[in-house]
1. Is it the case that Glu100 is without any contact (Cβ under 8 Å) to a residue 24 or more places away in the chain and surrounded by fewer than 18 Cβ atoms within 10 Å (Cβ to Cβ)?
2. Provide a single number: the residues in region 49-81 that are of a type outside the set (A, V, I, L, M), open to solvent by 10 Å² or more (accessible area, probe 1.4 Å), within 16 Å of Glu101 (Cα to Cα) and part of a helix (DSSP H, G or I).
3. Just one of (1) part of a helix (DSSP H, G or I); (2) over 21 Å from Asn126 (Cβ atoms); (3) at pLDDT 90 or above trips up Asp17, so point out which.
4. Looking at (1) crowded, with 20+ Cβ neighbours inside 10 Å; (2) more than 20 Å from Asp37 (Cβ to Cβ); (3) touching a residue at least 60 places away in the same chain (Cβ under 8 Å); (4) of a type outside the set (Asp, Glu), find the lone condition where Ser116 falls short.
5. Considering only residues that are within 18 Å of the chain's Cα centre (by Cα), assigned to a loop (DSSP other than H, G, I, E, B) and either among the aliphatic types (A, V, I, L, M) or surrounded by fewer than 11 Cβ atoms within 10 Å (Cβ to Cβ) (or both), which ones fall in region 133-157?
6. Take the residues in region 31-48 that are in a loop (DSSP other than H, G, I, E, B) and farther than 21 Å from Ala18 by Cβ; name whichever of them is least open to solvent (accessible area, probe 1.4 Å).
Amino acid sequence: MKTLLIALHPYNSHGLDAWHDHGVGMTYAAAKVQGCDVDFLDMNTLHNDAELTKAMEGYDFISFGLKSSYYPLGMKVKQIAKAQGSQVIVGGYHVTAAPEELLLDSGIDWIFDGESEITFPQFLRNPSAYPRLIHGERPNNLDDLPWVDHSIFREPLEDCSGWWHGGKRRMISVIAARGCPYKCGFCQPIEDNHF
């Protein structure tokens, strides 16, 4: 099945909205390593709905990770996908926090809760073997996962000018671990549920 993984961002965004989406980047890298027919779209490369619609044409599956702050944007992507006859797979933090909410949306074909690097490529090989709500298998060893190829994003180096101390203008964000050892009220219980 031909699949498009989308890094949700406002069109041609800058600053924090332009930072690399490590979740979809890791999912894409894992699927590519497993030989899945996947393409990647960074919405930062687009300027409007017409460009988005054109970029999404011809795919069996459209998949994206959903952050709560990008919920309206994700629903726009879902509507375009459904209008084109694609099936929709939604994962990410919002799904992990509120899967029941997304299960009520009949326009979403699969809801992917938890981590994706192991289970998503397996799903792509045999989607009919999976229920609508998929719980991703946690990797035992993060060192076994492929690295994110930062060249898939609009800019391989992220713009940190205007807010990073020390005068630096470019950086690459990395994920060195999963989860957090602290128990801050803002992130809990989602942090423990996800990681």
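The values are calculated or read from the model by the stated rules, or taken from the named source; none is laboratory data. Quick caveat: nothing in here was measured; it's all calculated off a predicted structure. Glycine gets a Cβ as well: all are built from the backbone with ideal geometry, and neighbour counts include every protein chain shown. These accessible areas exclude ligands, DNA and RNA; they are computed on the full protein's heavy atoms, side chains included. Shrake-Rupley method; radii C 1.70, N 1.55, O 1.52, S 1.80 Å.
1. Values: without any contact (Cβ under 8 Å) to a residue 24 or more places away in the chain: yes; surrounded by fewer than 18 Cβ atoms within 10 Å (Cβ to Cβ): yes.
Against the criterion (without any contact (Cβ under 8 Å) to a residue 24 or more places away in the chain and surrounded by fewer than 18 Cβ atoms within 10 Å (Cβ to Cβ)), Glu100 qualifies.
2. Final tally of qualifying residues: 6.
3. Asp17 satisfies every listed condition except (3).
4. Of the numbered conditions (1) crowded, with 20+ Cβ neighbours inside 10 Å; (2) more than 20 Å from Asp37 (Cβ to Cβ); (3) touching a residue at least 60 places away in the same chain (Cβ under 8 Å); (4) of a type outside the set (Asp, Glu), the odd one out for Ser116 is (2).
5. Of everything in region 133-157, those that are within 18 Å of the chain's Cα centre (by Cα), assigned to a loop (DSSP other than H, G, I, E, B) and either among the aliphatic types (A, V, I, L, M) or surrounded by fewer than 11 Cβ atoms within 10 Å (Cβ to Cβ) (or both) turn out to be Leu145, Trp147, Val148.
6. Let us first name the residues in region 31-48 that are in a loop (DSSP other than H, G, I, E, B), namely 34-37, 46-48.
Next, only the ones that are farther than 21 Å from Ala18 by Cβ stay: 34-37.
Details: Gln34: 100, Gly35: 65, Cys36: 18, Asp37: 84 Å².
Step by step, filter region 31-48, then rank; the result is Cys36.
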